[in-house]
Amino acid sequence: MDSDIRPAGADDLSTVAALVEDAYGHYVARIGRKPGPMLADHAARIATGETYLLDGGGAVLGLIVLVAQADALLVENIAVAPGAQGRGLGRRLMGFAENRAGALGLPRLRLYTHVAMVENRALYARLGYAETHRVREAGLDRVYMEKPLP
């Protein structure tokens with residue numbers, strides 16, 4: 001199932017940056033500034049092996065950035081190309097994250113999203129995530145959520 005999900009390489013940097021811009025660009029007006037993923041150091045996350053790409057039909061359709069923490073695997077970013085949304089690719093990437101957490105022996109997944117990204121919060125709740133807290137970080141109002149793994 002994860003055969004088309006692969007680690008990003010340095011030569012994928014421009015693709016990653018473009019995908020993040022396309023996937024998050026519509027939030028700029030809602031939030032009043034670029035959301036965190038649009039400001040991230042994509043090259044650094046690729047270099048540390050934390051960025052994974054979902055390929056399909058000769059194109060990169062999505063990505064996920066996973067950061068191992070002491071007690072959880074943090075989903076720092078997940079993005080699906082606008083033209084590929086609604087096909088279950090986000091769920092597939094989240095399933096990949098669950099598998100990675102299990103392989104690393106981590107008991108839960110953790111993520112955060114902007115408080116104004118209500119549709120994302122609703123999706124994460126449907127996937128079994130529960131809100132743990134809200135905080136203002138890097139000038140952004142974030143909602144943290146977690147999902148314990150079986």
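Could you grab the pairs with beta carbons closer than 8 Å, sequence gap of 6+ or different chains, first residue in region 44-63 and within 14 Å of Ala97 (Cβ to Cβ) and touching a residue at least 40 places away in the same chain (Cβ under 8 Å), second one surrounded by fewer than 18 Cβ atoms within 10 Å (Cβ to Cβ) and among the hydroxyl-bearing types (Ser, Thr, Tyr)?
Here the result reads Leu53/Thr15, each pair linking region 44-63 to a residue that is surrounded by fewer than 18 Cβ atoms within 10 Å (Cβ to Cβ) and among the hydroxyl-bearing types (Ser, Thr, Tyr).
Pick from region 6-33 the residues that are of a type in the set (Lys, Arg) and at pLDDT below 95: which of them is least open to solvent (accessible area, probe 1.4 Å)?
Taking the candidates together, the pick is Arg33.
What number of residues within region 116-132 are out of contact with any Pro (no Cβ under 9 Å at 6 or more places or on another chain) and under 17 Å from Glu76 (Cβ atoms)?
Within region 116-132, residues that are out of contact with any Pro (no Cβ under 9 Å at 6 or more places or on another chain) and under 17 Å from Glu76 (Cβ atoms) number 7.
Of the conditions (1) polar (S, T, N, Q); (2) touching a strand residue (DSSP E or B) at 6+ places or on another chain (Cβ under 7 Å); (3) closer than 17 Å to Ile5 by Cα, Asn99 fails just one. Which one is it?
Result: Asn99 passes all but (2).
Taking region 11-43 as the region of interest, how many residues are closer than 20 Å to Glu119 by Cα, of a type in the set (D, E, K, R), part of a helix (DSSP H, G or I) and touching a residue at least 24 places away in the same chain (Cβ under 8 Å)?
2
Would you please name the residue that is modelled with the lowest pLDDT, looking only at residues in region 58-82 that are closer than 18 Å to Ser14 by Cβ and open to solvent by 40 Å² or more (accessible area, probe 1.4 Å)?
Gly58
Only one residue in Arg126, Arg91 is open to solvent by 50 Å² or more (accessible area, probe 1.4 Å), at pLDDT below 95 and either among the hydrophobic types (A, V, I, L, M, F, W, C) or closer than 20 Å to Arg6 by Cα (or both), so which one is that?
The match here is Arg91.
Checking Val28 against (1) under 16 Å from the mean Cα position of the chain (by Cα); (2) more than 14 Å from Ala8 (Cβ to Cβ); (3) not acidic (Asp, Glu): exactly one of these is not met. Which one?
Unmet condition: (1).
For residues in region 34-57 being among the aliphatic types (A, V, I, L, M) and open to solvent by 80 Å² or more (accessible area, probe 1.4 Å), which is modelled with the lowest pLDDT?
Filtering region 34-57 for residues that are among the aliphatic types (A, V, I, L, M) and open to solvent by 80 Å² or more (accessible area, probe 1.4 Å), the one modelled with the lowest pLDDT comes out as Leu39.
If I filter region 130-150 down to residues being over 20 Å from Ala103 (Cβ atoms) and not in a strand (DSSP E or B), which single residue comes out as least open to solvent (accessible area, probe 1.4 Å)?
Ranking the qualifying residues of region 130-150, first place goes to Gly139.
Could you figure out which of (1) charged (D, E, K, R); (2) within 11 Å of the chain's Cα centre (by Cα); (3) over 21 Å from Pro148 (Cα atoms) isn't true of Arg110?
(3)
What number goes with the only condition from (1) in a helix (DSSP H, G or I); (2) under 16 Å from Tyr144 (Cβ atoms); (3) without any contact (Cβ under 8 Å) to a residue 24 or more places away in the chain that Glu119 does not pass?
Here Glu119 meets the rest and fails (2).
The values are calculated or read from the model by the stated rules, or taken from the named source; none is laboratory data. Since the model is a prediction, treat every value here as computed from it, not as a measurement. So basically every Cβ, Gly included, is an ideal-geometry build from the backbone, and we count neighbours across all protein chains shown. These area figures cover heavy atoms from the full protein model, side chains too; ligands, DNA and RNA do not enter into them. Shrake-Rupley method; radii C 1.70, N 1.55, O 1.52, S 1.80 Å.
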